[in-house]
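Asks: Here it is, the structure, as structure tokens.
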Amino acid sequence: MEEISGTPRREPTLLLPGDRNDGNVLLFFPEDNLVLKADFYPPLADSKPLDPDSIAAALARFNVVHGVLWENIIKALTECNLNRRFVRDVTVARGDPPVQEVLEYYQLNPALTRTGTLPEDNARTDYRSYSPFVIVKKGQALAKLKSRKEGKDGRDIYGKVIPHGTIRPEGVLGGSSTRKEGRYIYAEINGQLIQDKNTLNVQDSLVIKGPVDYRTGHIMFPGDVFIEGPVSDGFKIYSGSSVTIKQTFDVTDAITKKDLVVSGGLIGRGRALVKVGGTLKTKFIENCKVACRKTIEVDTDIVNSSVYTMEKLVMSDRGKILGGEIYAVQGVYAGGIGKKTGRETRIHCGVDFTAQQEKERCNYQLRIIAAKLQKLRELLAAESGPDESAPGTPGIERRQKMEEALARLEEEQKKITLQAGAVLARLNADENAVVEVPGEIAPGTLIEICQIAFFVSDPLKHVRIRLDRKLGKLTPEPL
């Protein structure tokens, strides 16, 4: 039988007073007057059984006039009278609870809530990919207006009206960088969603008070990022604007559309990659690969790193380039270059490194095609036999396929050769690029300007190296 748990019940009342051996019903009147429960007792021996009429009269005597469930009552009577069984907790009457009126409100988009749950297979979970920040895009719906719901009065088991109430959901409101349109609140910009009490704000910058580690996960943000602590190894940073880091950046992978400023320095693990769309300012660079569209400023040393810039590399008078490779279109200013022992240092200026990389790709593709062409020509030369001229034979069909492949490769070779020629035309980007070193350039250093090389065999101090276009060579001159 149906049972409603947790409903307060008054002391039970005997419905049919009479002989104690007769069938009887014990009622449990609820305090809220909505659900009336009963226990049914079967008659003993040949005593008087329960009957519907006497139960109906007794319910009327107690003024139970609304929501009487005769189907439940008849079922309980049958069980008691025929099978002589005790039946408990039968719902004999149920009132109609009121339906509360719900006022309209803006409900937060459920997709923007953080539950903190992780996948069940934690062994395969990359916890660095989980972020406590909610990032939204311009035009994304933040909240939806939920319509008002009509209320309805209820009625208890005595037929009395129960007035309905009114619910005022807390909801959310639109704040800064949001707009209301139709039934929605939209984000006006790309950024971080901040909920201040019940007000939604979209912030175009992300401020991280501490370090970037497992508490923050990878940082992927469309606006400016400010990090007051260090960045741990293994965590990626992607920004649609600028990034400022107050301490050391242990680089794994970083891409910024605009500037990157690191008060500490860049430390890589050999495979670290940094791409900067604006300028880069940092204290030092170690074991990194850095590509920057504008000027790179380094306070102290660049150690065993590959550094690329479309403008110039500027270091302080105490800054040294120790090992690795530098590509700077407009030139290099450094306190010192190279060291007597250790990895070779190579400086390339005046050359568009993107064109240089494209040229290398073209050369690699041409080498692969040349090897394939040689192999095909060798196979064609080896193809011979008495049935070679017979149409439809496997030999002639195979030869035709090889000749078609040969023609395709030769066409591709011509295409890439033309492409390489176009790249060479824009390879030399700045013949006025210079390398200036107020300190020393160590022996073993290679310096190139517009693909013309100068190998330093003896120490050079306080020099400027530039391209002499008339002589077609690099000449060092005192600063």
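Derivation of every value follows stated rules applied to the coordinates shown; laboratory data play no part. Predicted model, so just to flag it, every value in this text is computed and none were measured. Methodologically, a virtual Cβ is constructed for each residue, glycine included, from the backbone with ideal geometry; neighbour enumeration extends over all protein chains shown.
Asks: Can you tally the net charge around GLY223? Count Lys and Arg as +1, Asp and Glu as -1, for every other residue whose Cβ sits under 15 Å from the Cβ of GLY223.
Replies: Value of the local net charge: 0.
Asks: Whole-Hz Karplus ³J(HN,Hα) for the stretch 136-141, in order, using 6.51 cos²θ - 1.76 cosθ + 1.60 and θ = phi - 60°, x for Gly and Pro?
Replies: Running phi through 6.51 cos²θ - 1.76 cosθ + 1.60 with θ = phi - 60° gives 10, 9, 4, x, 6, 6 Hz.
Asks: I would also like to ask the following. Under a 5 Å amide H to amide H cut-off, with H placed in plane at 1.01 Å, what residues pair with ILE189 once short-range neighbours are removed?
Replies: Those lying under 5 Å, H to H, from ILE189 are GLY139.
Asks: Calculated FRET efficiency, ARG20 and VAL161, Cβ-Cβ r, R0 35 Å, to nearest 0.05?
Replies: So the FRET efficiency works out to roughly 0.35.
Asks: Tell me, what ³J(HN,Hα) does each residue in the stretch 190-195 have, in order and in whole Hz, if you take phi through Karplus 6.51 cos²θ - 1.76 cosθ + 1.60 with θ = phi - 60° and put x for Gly and Pro?
Replies: Result, rounded to whole Hz: 6, x, 8, 7, 10, 9.
Asks: For a quick check of your reading of the filter: which GluC sites (Glu not before Pro) in the stretch 269-353 sit in a DSSP loop and have no more than 13 other Cβ atoms within 10 Å?
Replies: When the GluC sites (Glu not before Pro) of the stretch 269-353 are filtered for loop state and at most 13 Cβ neighbours within 10 Å, GLU344 remain.
Asks: Another question, if that's okay. Suppose we keep just the alpha-carbon trace of the stretch 158-248; what are its Rg and Dmax in angstrom?
Replies: In Å, with Rg to one decimal and Dmax whole: 20.6, 75.
Asks: Sticking with the crude label model, points 7 Å out along Cα→Cβ, report the distance from LYS470 to LYS372 in nm, one decimal please.
Replies: Roughly 5.0 nm, to one decimal.
Asks: Would you list ARG346, ARG293, ARG408 from fewest to most Cβ contacts within 10 Å?
Replies: Starting with the residue having the fewest Cβ neighbours, the order is ARG408, ARG293, ARG346.
Asks: Note down the net charge around LYS48, summing +1 for each Lys or Arg and -1 for each Asp or Glu among other residues with Cβ under 12 Å from its Cβ.
Replies: In short, -3.
Asks: Another question, if that's okay. Jot down the radius of gyration and Dmax of the chain, Cα atoms only, both in angstrom.
Replies: Here Rg and the maximum Cα pair distance are 42.2, 133 Å.
Asks: Please report, in cubic angstrom per residue, the volume enclosed by the convex hull of the alpha-carbon atoms of the stretch 279-365.
Replies: It is 87 Å³ per residue.
Asks: For the stretch 13-94, what Kirkwood radius comes out of the mean inverse Cα-Cα distance, in Å?
Replies: 12.6
Asks: Compute the orientation-averaged projected area for the stretch 419-479 from the convex hull of its Cα atoms and round it to one decimal in nm².
Replies: 4.7
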